[in-house]
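**Student:** Let me begin by handing over the structure; questions about it come next.
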There are 2 protein chains.
Amino acid sequence: MLYSKLFGKTVKNAPSDATLTSHKLLYQAGFIRESTAGRYFILPLGQLVQSKIMGIVRYEMNKAGAQEMLSPVLHPLVLWEETNRTKTTGFELMKIRDRREIWFALGGTAEEMFVDVVRKFRPSYKDLPFNIYQFAMKFRDELRARGGLLRVREFIMKDAYSFDVDEENFKKEYKNMWNTYSQIFKKMGLNTIVVESDNGYIGGEYCHEFVVESDIGETSFLTDREKYNAHVDVALFERDDINSTEEEKPFKIVEQPEWVKTMDDNIKHYQLPKSRFLKNVVYKNRITKEIIIAVIRGDLDVNKTKLEHAVNAVGQLEDATEQDLTKIGTKRGHVHSWGHKGARYIGDLSLKTVKNFIGGQKEKSTDTINVNYGRDFTCEKLADIALAKETYLLETGKKLVEKKGIEVGNIFQLGYHYSKKMKDATFIDKNGKEKPFYMGCYGIGIGRTLAAIVEKFHDEQGIIWPESVAPYKYHLIGLDLKDQSIKSKVHQVYKELLAKGREVLFDDREDITAGNKFADADLIGIPYRLVVSKRTGDKIELKKRTEKSTRLVSLDELAS
Amino acid sequence: MLYSKLFGKTVKNAPSDATLTSHKLLYQAGFIRESTAGRYFILPLGQLVQSKIMGIVRYEMNKAGAQEMLSPVLHPLVLWEETNRTKTTGFELMKIRDRREIWFALGGTAEEMFVDVVRKFRPSYKDLPFNIYQFAMKFRDELRARGGLLRVREFIMKDAYSFDVDEENFKKEYKNMWNTYSQIFKKMGLNTIVVESDNGYIGGEYCHEFVVESDIGETSFLTDREKYNAHVDVALFERDDINSTEEEKPFKIVEQPEWVKTMDDNIKHYQLPKSRFLKNVVYKNRITKEIIIAVIRGDLDVNKTKLEHAVNAVGQLEDATEQDLTKIGTKRGHVHSWGHKGARYIGDLSLKTVKNFIGGQKEKSTDTINVNYGRDFTCEKLADIALAKETYLLETGKKLVEKKGIEVGNIFQLGYHYSKKMKDATFIDKNGKEKPFYMGCYGIGIGRTLAAIVEKFHDEQGIIWPESVAPYKYHLIGLDLKDQSIKSKVHQVYKELLAKGREVLFDDREDITAGNKFADADLIGIPYRLVVSKRTGDKIELKKRTEKSTRLVSLDELAS
């Protein structure tokens, strides 16, 4: 490719709102341009990288036995209604109506579509298992997009769906995909950590994220630096025992100075640590309007995702407003750990680790002390609804460390989550009986992977593409092009490299200084830079993007 | 690929509403399934063909110097408003709003998007020319979809957009794309006819369709079987002279029996041929509500598309209703060739070929005779608004023949149509001045091309894929698989072919008869059928899909 005719050349400055390195570099180097916030043009250089990433994904997926196909972009909304996902998706689902008044969803994922096409065939157990996938545009109506390709409103996702006769067979495929994903990312130079995570609106019982560690990542996970890696939304930890063997003292209503309002006030007043106090956090279910009060030990925080699972309301809880509190007869700072009519109480497991809690029924100038779970109050249930944090201990005694990362892929057990909700999502088993499929799904965000590669591989000067995904292998620079003999030599080098099937970007511009050409080459980040100039004589100067040193090679050497 | 695990197996019957061969065969052979009307799943076999078609298109486009990129699916509606295409698109444009209340179009083409991304760069003349393209899902909110992939509501289109400094340079690129397209279709085995056609809502001054001749095609074109090929919407023809040298007789209002109502009645009454009568056809502009009366010689028909161009209202005319006629003071059968207030009169060129027309001012029992254009009435303009038909003559004297075909691609001159409507759609010329781009655009419908291939290449038994786009090269069939030695032999053949990089679909099913396996192979249409059975001994039976005869070959022969 002649750089003079490439659409999407380098520019000096990134947009002023670009804060992430990948956003800045991909913009400046001419790989992407924003259409509207969160929707990007992938320019020719970017498309070459995207194609290579897709090529690696396709190769490894096919090798693992998966079959590529393609589903329509517009999903009949009736399918999403069949699984009730019009209500449970975390993102707002975009909907559109055609001229015949039929409603469609612009899907964020395509579970219903794939189940729908499979059930049209009414397969037998002999046709199973299979894993079918596509590369298709996905839509997420995010309230806030993030700079560059890391959190966007539309993007190409490789989404795969596996259909098995039972859990045992499914588990083999889950492991197969796990290994395939590790291999895919490794081929792109990415070291991924496999993190237990929350299945969210996708459903199912367990899932894992493939995460590239990065301080600018949006995924927070806890790790013991050995075996355990879990997203904060699911991370477990051992609740330390505070005083569970202490004798229960008599429940009391006590006077309390009016200045005692906050947790800090309480600590000062009672001279006791946070862990001895009861804390209440109030949520509302945006669908059912139900009020949920989470009761937890004072030193811990509630994790909303865990709480949503505890009350079977995934993606449905939001912070209660002052108005919501009024409805159950209280106000902020005066929420009781029991007794508000119209509220459901969910307790954290930590309530079992403390005897004689302070708090629980705060009024203007009184509160309760020596409050004991089981004796003085109970919740609808006790569950793990607490946010795990760095330094907390695992059951094994290992200390947790908090890390951030970019989620580039995920694999989900779906089990019967879709096949039991959708009519006829069955196969005929050996005995001629209809049975629901046991399913899994597997996603890779192509654009996000591209951005993650840039976040990992760059320096002050620009991008440093791993060879496997680089837009071109060679960046050929011609200098001193006013000299006809040099000009014809570099064009000759370009032709011969092309003839040998090499991928070459050739900076043939005649009115650009050497310094600017070198700077562009560093910014674009192609693995090998070649220079032909007066100084290089019969040879070609070769420099790796990752190294400082150059050496002179002959065209023959280069070609072999 | 093991056929036993392929998703998308053959079925006996096509859907009852499938009338087209390509629809039936692609359904029965397991290449496609309908999601909702006009929106298709491309199953794994279909996806392999689609990928090969896309591979050929990509290879030839790149070879021609075009650069692949990708635009967002959702087009900001403001861009379509900038060119006024929200009103002029022939198909209903689908629109969708995001949660931030921003409106988007689901584009049927992407001219505005590509101009938008290019203008962000403010290129110089040195950056031009370039031709950028994408493979992207396109949406057409058709009222009626057609069976299979021939007329659908969403489909992958390769759409390319060229940007040149002027018309002269553009013409080279137009020729370049013309040749590229011919080469693309040739590689797929398709013989295409390049047909002059109407630019419709795309705009610009001229364009050509690449048409595969086929009786089931929706494109009607006229050809002189030599040089001239033109869509009925643009086809020219010579209006034969009727009596233009005759002397003009005095204009007269004459009594006419009340039974004279239709053209046939007139012919009977006056004993004159159709060509001696005036005919009026009334349309309404659905945007401006304007009434247009087309006046034409009685033996000719009006072509609405030509008329739309004549009045600069592309995609906007519809048949007038009785109510519309009332508005201009008339009723059906009594439309005058002049004088209705509030109507615009457009005449066909044929009005010049007749002296002393009959008709023009029909009332209940009178009409006018000896009506002469220019003397007794004039139109706002005379233009070519007549439908060309088979047997009409060209200027060259050659007779026109009408043919039908499937439009698989098209190329459009756009000129300044977009760059003058859109702000800053300019480059900096040699003198530092801003100039609008001279543009062209170039489309290929991938799914329709796939269907066209099936329409051309099939027999009673099924599809006959040209090798360049076949899903696999070999269809390996194992028979007598209960015999372990045969079973292991055929699995060995499969492995060795794969190891040699061959594309093989292997029918490994053990409970299917030979007859059914052969029928499936014929239906699916892979170029070479291989059989391993008791009868084939050490050899493999080879049969081409296009031939009846088989022969025995060794694995070595096959591999070389």
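The numbers here are math on the coordinates, done by the rules we state, and not lab data. Being a predicted model, the structure only gives us computed values, none of them experimental. Cβ coordinates were reconstructed from backbone atoms using ideal geometry, including for glycine residues, and neighbour counts include every protein chain displayed.
**Student:** Under 19 Å from a label point 7 Å along Cα→Cβ of residue B:513: give me every residue in segment B:2-43 with its amide N that close.
**Tutor:** The answer is B:10-13.
**Student:** Further question: Report ³J(HN,Hα) in whole Hz for each residue of segment B:377-388, in order, from the Karplus equation J = 6.51 cos²θ - 1.76 cosθ + 1.60 where θ = phi - 60°; Gly and Pro get x.
**Tutor:** 7, 9, 10, 4, 7, 9, 8, 7, 10, 9, 6, 6
**Student:** With 20 Å bins from zero, work out the P(r) of chain A over every alpha carbon pair and list the percent per bin.
**Tutor:** In whole percents, the pair-distance histogram is 18, 40, 30, 10, 2.
**Student:** Say a label goes 7 Å from Cα toward Cβ at residue A:121 in every copy; what distances in nm does this one have to the rest, shortest first?
**Tutor:** Shortest to longest, the spacings are 4.3 nm.
**Student:** Let me ask you something else. Which of A:182, A:560 comes first, and how do the rest follow, when ranked by fewest Cβ neighbours within 10 Å?
**Tutor:** Going from least to most buried by this count: A:560, A:182.
**Student:** Shortest first and in nm to one decimal, what separations exist between residue A:286 and its copies in the other chains, measuring from label points 7 Å along the Cα-to-beta-carbon line?
**Tutor:** Listed shortest first, these distances are 3.8 nm.
**Student:** Using θ = phi - 60° and the Karplus curve 6.51 cos²θ - 1.76 cosθ + 1.60, what whole-Hz ³J(HN,Hα) does each residue of segment A:2-7 get, with Gly and Pro shown as x?
**Tutor:** Listing the rounded values in order: 7, 4, 4, 9, 5, 8 Hz.
**Student:** Which residue is it, in chain A, that holds its beta carbon closest to the axis of the A-onto-B rotation, and how many whole angstrom away?
**Tutor:** Nearest residue, distance rounded to whole Å: A:96, 2.
**Student:** Please give the contour-minus-distance gain from residue A:365 to residue A:254: 0.36 nm per residue of separation, less the Cα-Cα distance, rounded to one decimal in nm. Let's see the in-between values first.
**Tutor:** Values: separation 111, 0.36 × 111 = 39.96 nm, distance 0.85 nm.
Gain in length upon complete extension: 39.1 nm.
**Student:** Right, next: Sorted from fewest to most neighbouring beta carbons within 10 Å, what does the list B:178, A:465 look like? Don't jump to the answer; show the numbers that get you there.
**Tutor:** Values: B:178 15, A:465 25.
Taking fewest neighbouring Cβ atoms as first place, the list is B:178, A:465.
**Student:** At R0 = 56 Å, how high is the FRET efficiency between residue A:87 and residue B:319 if r is their beta carbon distance? Nearest 0.05 is fine.
**Tutor:** 0.80
**Student:** Please turn the phi angles of segment B:262-271 into ³J(HN,Hα) values with the Karplus equation 6.51 cos²θ - 1.76 cosθ + 1.60 (θ = phi - 60°), one per residue in order, whole Hz, x for glycine and proline.
**Tutor:** Running phi through 6.51 cos²θ - 1.76 cosθ + 1.60 with θ = phi - 60° gives 9, 4, 4, 4, 4, 4, 5, 5, 8, 6 Hz.
**Student:** Provide a whole-number value for the mean count of partner chain Cβ atoms within 10 Å of the Cβ atoms in peptide B:127-138.
**Tutor:** Working: counts 7, 3, 1, 6, 2, 6, 2, 3, 1, 1, 6, 1.
Across the residues of B:127-138, the mean count of other-chain Cβ atoms within 10 Å is 3.
**Student:** Right, next: Please report the spacing between the Cα centers of segment B:218-266 and segment A:331-366 in Å, no decimals.
**Tutor:** One Cα centre to the other: 92 Å.
**Student:** Using just the alpha carbons, could you tell me how many Å³ per residue the convex hull of the protein assembly as shown encloses? Can you show the working numbers first?
**Tutor:** Working: hull volume 282.7 nm³, N = 1120.
Here the figure is 252 Å³ per residue.
**Student:** Copy-to-copy spacing for residue B:65, label 7 Å out on the Cα-to-C-beta vector, in nm, shortest first?
**Tutor:** Spacings between copies for this position, smallest first, are 5.0 nm.
**Student:** Which three lengths, in whole Å and largest first, does segment B:472-559 cover when its Cα atoms are put on their principal axes?
**Tutor:** 31, 28, 20
**Student:** Over 25 Å, how big is the tail of the calculated P(r) for segment A:87-229, in percent of all Cα pairs?
**Tutor:** 40 percent
**Student:** Okay, moving on. Order these by the 10 Å Cβ neighbour count, fewest first: A:408, B:401. Provide the component values of the computation, followed by the final result.
**Tutor:** On the way: A:408 27, B:401 12.
Starting with the residue having the fewest Cβ neighbours, the order is B:401, A:408.
**Student:** Quick one: which of B:187/B:534; A:274/A:304; A:138/A:279; B:138/B:403 span more than 31 angstrom between C-alpha atoms?
**Tutor:** Values: B:187/B:534 38 Å; A:274/A:304 21 Å; A:138/A:279 41 Å; B:138/B:403 28 Å.
In this structure, B:187/B:534; A:138/A:279 exceed 31 Å between Cα atoms.
**Student:** Okay, moving on. For residue A:183 and residue A:556 in one chain, what is 0.36 nm times their gap in residues minus the Cα-Cα distance, to one decimal in nm? Could you put the intermediate results ahead of the total?
**Tutor:** On the way: separation 373, 0.36 × 373 = 134.28 nm, distance 3.36 nm.
My answer for the length gained is 130.9 nm.
**Student:** Moving on. Under 16 Å from a point 7 Å along the Cα-to-Cβ line of residue B:341: which residues of segment B:277-310 have their amide N that close?
**Tutor:** B:291
**Student:** So how far apart, in nm, are the two label points at residue B:488 and residue B:166 if each is 7 Å from Cα heading toward Cβ?
**Tutor:** The answer from the label model is 7.7 nm.
**Student:** Report the extension gain between residue B:331 and residue B:430 in nm, rounded to one decimal, defined as 0.36 nm multiplied by the number of residues separating them, less their alpha carbon distance. Don't skip to the answer; put the middle values down first.
**Tutor:** Details: separation 99, 0.36 × 99 = 35.64 nm, distance 6.07 nm.
Separation in residues times 0.36 nm, less the Cα-Cα distance, equals 29.6 nm.
**Student:** Expressed as a rounded percentage, what relative contact order does segment A:483-556 have, with Cα pairs under 8 Å and six or more residues apart? Could you put the intermediate results ahead of the total?
**Tutor:** Numbers: 60 pairs, mean separation 15.8, N = 74.
Relative contact order, segment A:483-556: 21 percent.
**Student:** Same structure, new question: Kindly rank B:251-260, B:41-50 from highest to lowest mean number of other beta carbons found within 10 Å of each residue.
**Tutor:** Values: B:251-260: 12.2, B:41-50: 24.7.
Peptide ranking by packing, descending: B:41-50, B:251-260.
**Student:** Once Rh is set to the Kirkwood radius over Cα pairs, what Stokes-Einstein translational diffusion coefficient, in µm²/s, holds for segment B:252-383 at a temperature of 20 °C and a viscosity of 1.002 mPa s?
**Tutor:** Working: Rh = 14.9 Å.
The estimated diffusion coefficient comes to 144 µm²/s.
**Student:** Helix-only estimate, please: 222 nm mean residue ellipticity of the protein assembly as shown, summing -39500 (n - 2.57) across DSSP H runs of length 4 or more and dividing by its residues, to the nearest 500.
**Tutor:** Values: 26 runs with 264 residues, N = 1120.
Helices in the protein assembly as shown give a 222 nm mean residue ellipticity of -7000 deg cm²/dmol.
**Student:** Helix A:446-456 versus the longest principal axis of chain A: what angle, 0 to 90°, nearest 10, using Cα atoms?
**Tutor:** Its long axis makes an angle of about 80 degrees.
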